[in-house]
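The values are calculated or read from the model by the stated rules, or taken from the named source; none is laboratory data. Being a predicted model, the structure only gives us computed values, none of them experimental. Virtual Cβ from ideal backbone geometry, glycine too; neighbours counted across all protein chains shown. Calculation scope for accessible area: heavy atoms of the full protein, side chains included, ligands and nucleic acids excluded. Shrake-Rupley method; radii C 1.70, N 1.55, O 1.52, S 1.80 Å.
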Amino acid sequence: MCSKPAVSREHVPPICLFPEEKDIRTSMFRNNLITVPSCELHNSKKSKDDEFLMTCMAGVVGNNFLGYFHTHTKVKRAIIRKGQAFRNTILEEIQETHFKNENGVSFPVLIGRPNFDRLYSCFKNIAYGLYYHKFGKRFEGESQIMMDFLTFEDEQTEKIKLLVRKRLEEETEKPEIEGANPEIFSYAFYRPDEFGLISLVMTFYQGSKVLVAFKETGIKEPFNLTMKLINSGVKTHVEFDDGTDFEFN
């Protein structure tokens, strides 16, 4: 993340996202975890952010059973230990409701607005760590992050999210899915496009995806007519070969 001397190794993603042996009766989900060199600031001093990320991600509706199980073990202990004030730092404007799954089973859920800036920082740390692990060098340049698992209140932002997701799905050359514990976390780097831009998809608990675009220093970002028109307020249609259509403005 920075040019300061490394004094330790940091887990990517944070180890707290992986179930403990005392909860799941096996250590298999904490084997072969990725670590990268880290300075003091970007490792031990961000433990509160790691706990925040774990609490946000484990219980997202649509995650697998392990995410749900982690929510009712390690995450629950953290919330009980730290109380209501801690819960309020995870989600703002919290509402308690019930959600029915595809089988008609109803279970309680919390709905609220997460701290976007803090989430963004957590995902940036993970993405940069994976970049170092994959390419053996520290990333220098600009990055963009899209939290695919969130539903955005702003209609235009939500449509752009779906458009980015669709474009990645349409890539003809599918990337290798990596990660020793894909039930908890997996990731996939796409090959650099013709402009040198690199895409990364990170998946938590097989249900929550985060999309990342890397633009290394020295690479000129291509002119994107579609986004230019959308941002200018011009009515724009984006249509794919399968008939999927996105309308903006």
TODO: Check whether at least one residue in the stretch 223-236 is at pLDDT below 80, surrounded by fewer than 11 Cβ atoms within 10 Å (Cβ to Cβ) and more than 27 Å from Gly141 (Cβ to Cβ), and report yes or no.
DONE: yes
TODO: Find the residue count for the stretch 166-198, including only residues that are open to solvent by 40 Å² or more (accessible area, probe 1.4 Å), out of contact with any strand residue (DSSP E or B) (no Cβ under 7 Å at 6 or more places or on another chain) and not hydrophobic (A, V, I, L, M, F, W, C).
DONE: 12
Task: Unmet requirement for Ile90, which otherwise passes all of (1) closer than 19 Å to Asp148 by Cα; (2) of a type in the set (A, V, I, L, M); (3) open to solvent by 30 Å² or more (accessible area, probe 1.4 Å); (4) modelled with pLDDT under 90 - done: (3)
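Could you look through the stretch 115-154, keep only residues that are among the charged types (D, E, K, R) and in contact with an Asp or Glu (Cβ under 7 Å, 6 or more places away or on another chain), and pick out the one that is surrounded by the fewest Cβ atoms within 10 Å (Cβ to Cβ)?
The initial filter retains those residues of the stretch 115-154 that are among the charged types (D, E, K, R), namely 117-118, 124, 134, 137-138, 140, 142, 148, 153-154.
This time we only want the ones that are in contact with an Asp or Glu (Cβ under 7 Å, 6 or more places away or on another chain), so: 118, 140.
On the way: Arg118: 16, Glu140: 11.
Going through the qualifying residues, I end up with Glu140.
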TODO: Filter the stretch 151-183 down to residues that are within 14 Å of Met202 (Cα to Cα) and assigned to a loop (DSSP other than H, G, I, E, B), then give me how many there are.
DONE: 8
Open item on the list: Between a residue in the stretch 151-178 that is touching a residue at least 60 places away in the same chain (Cβ under 8 Å) and over 22 Å from Gly62 (Cβ atoms) and any residue that is open to solvent by less than 100 Å² (accessible area, probe 1.4 Å) and outside any loop (DSSP other than H, G, I, E, B), which pairs come within a Cβ distance under 9 Å, given they are 6 or more apart or on different chains?
Closed with: Gln156/Ile230; Gln156/Phe248
Task: Unmet criterion (only one of (1) of a type outside the set (A, V, I, L, M, F, W, C); (2) touching a residue at least 24 places away in the same chain (Cβ under 8 Å); (3) farther than 26 Å from Met1 by Cα; (4) open to solvent by 80 Å² or more (accessible area, probe 1.4 Å)) for Asn63 - done: (4)
Open item on the list: If a residue must be open to solvent by 30 Å² or more (accessible area, probe 1.4 Å) and closer than 18 Å to Leu130 by Cβ, how many such residues does the stretch 15-29 contain?
Closed with: 1
Task: Any chance Ser186 is at pLDDT below 95 and part of a strand (DSSP E or B) - done: no
Task: Selection count, the stretch 57-79, where residues are hydroxyl-bearing (Ser, Thr, Tyr) and in contact with a Ser or Thr (Cβ under 7 Å, 6 or more places away or on another chain) - done: 0
Task: Count of the stretch 44-60 residues which are open to solvent by 40 Å² or more (accessible area, probe 1.4 Å) and not in a loop (DSSP other than H, G, I, E, B) - done: 5
Open item on the list: Would you confirm, using the coordinates I've provided, whether Thr157 is of a type outside the set (Lys, Arg), within 25 Å of Ser121 (Cβ to Cβ), open to solvent by 40 Å² or more (accessible area, probe 1.4 Å) and in contact with an Asp or Glu (Cβ under 7 Å, 6 or more places away or on another chain)?
Closed with: no
